[in-house]
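See structure below.
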Amino acid sequence: MAEPVVRIPDAKVALSTASVYPESTATAFEIAARLGYDGVEVMVWTDPVSQDIEALRRLSDYHGVPILAVHAPCLLITQRVWSTDPWTKLQRARAAAEKLGASAVVVHPPFRWQRQYSRDFVTGIWQMADETDVRFAVENMYPWRYRDREMLAYAPDWDVTKDDYRHFTIDLSHTATARTDALQMVDRMSDRLGHVHLADGNGSNKDEHLVPGRGTQPCAELLERLALTGFDGHVVIEVNTRRAMSGAEREADLAEALAFTRLHLASAARIPRP
């Protein structure tokens, strides 16, 4: 009879440089190397190093940590990073990914007030995806809430499965904030799920990005499903460590997140032994 053996999928576990904020991009590479992450996802934001391809290459080479993904500057605080034109931002993100050997660009759907960009977004992302081997993985977002009021801030929709994209990013902190069923969203993404932002949440109005296992999201179940289905994208730890009282506490949180992810990516499979 076949005996249960542990099967580890090919998916790599990366650290988002956003996970060390308010520390620097350079610090993220150092921590990723020390803790044994497979690589990093660079969040392009106001840190000048995150915007500098040569500086990123030097950090990657020095620490021996590959850059697996680039997160385009889509946040409110990055509206002027790499131009104010959203398509220019995506073109620069693609160029950075290609030069750095990253296989994915993560992009948010447009803000609703970016009217022309949002009208052209779905077809424009397809066109950009056709021009490169880099995956443009569009990330699920959430409604903005204040007390009992809700604002739909993203267009065409915060639920990216309502539109047609070649690849998706699932973010489990965002599913918590949206108060939507994460596994049902993954089912809708199907084989177009190309990238994962792993974090947790409790359904707060705020996007919490808790360490996996500290909230209500099915982080373990998702990882086990990825293992069983042969997921070939990257799993990126994107958590909030701003409240860490020290570097050691931040590192402990990131080590816990990595251990949780590796544990649940290892699935028991009955494979016949020779």
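The table that follows gives values for the structure above.
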read-out	value
Cα gyration tensor shape of the range 1-134, rounded if a/c is under 1.5, else prolate or oblate by comparing a/b with b/c	oblate
Carbon plus sulfur fraction of accessible area for the chain, probe 1.4 Å, in percent	50
Protection proxy ranking, peptides 20-32, 210-222, average beta carbon neighbours within 10 Å, highest first	20-32, 210-222
Against the rule of thumb 2.2 N^0.38 Å, how large the Cα Rg of the range 72-174 comes out	1.06
Antiparallel %, DSSP beta bridges [both residues in the range 130-274], to 5	25
Charge dipole (debye, nearest 20) of the range 134-247; +1 at Cβ of Lys and Arg, -1 at Cβ of Asp and Glu	380
Accessible area expressed per residue, the chain, with surrounding protein chains retained (probe 1.4 Å, Å²)	47
Arg94 - accessible surface, heavy atoms, 1.4 Å probe, Å² rounded to 10	40
Cα-centre dipole for the chain with unit charges at Cβ (Lys and Arg positive, Asp and Glu negative), debye to 20	300
Proximal charge balance of Asp85 [Cβ under 13 Å; K/R count +1, D/E count -1]	+2
DSSP-defined beta bridges in the range 6-268 - what % are antiparallel, rounded to 5	20
Simple Cβ-charge dipole of the range 98-197, Lys/Arg +1 and Asp/Glu -1, about Cα centre, in debye nearest 20	420
Ranked by how many other beta carbons lie within 10 Å on average, peptides 183-196, 121-134 from highest	183-196, 121-134
Backbone N under 20 Å from the Asp164 label point (7 Å along Cα→Cβ), restricted to the range 93-129	109-110, 117-129
Among 153-162, 234-243, 169-178, the order from most to least packed when residues are scored by Cβ within 10 Å on average	169-178, 234-243, 153-162
The chain: calculated mean residue ellipticity at 222 nm from DSSP helix runs of at least 4, using -39500 (n - 2.57)	-11000 deg cm²/dmol
Computed Kirkwood radius, in angstrom, where 1/r is averaged over Cα pairs of the chain	18.9
For q = 0.17, 0.20 Å⁻¹, Debye-computed log10 I/I(0) when each Cα of the range 141-265 counts as one equal scatterer	-0.88, -1.15
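The values are calculated or read from the model by the stated rules, or taken from the named source; none is laboratory data. What you are looking at is a predicted structure, and each value in this text was computed from that prediction instead of being measured. Because the Cβ atoms are built from the backbone with ideal geometry, glycine has one as well, and the counts that use them run over all protein chains shown. Areas reflect the complete protein model, heavy atoms only, side chains present, ligands, DNA and RNA absent. Shrake-Rupley method; radii C 1.70, N 1.55, O 1.52, S 1.80 Å.
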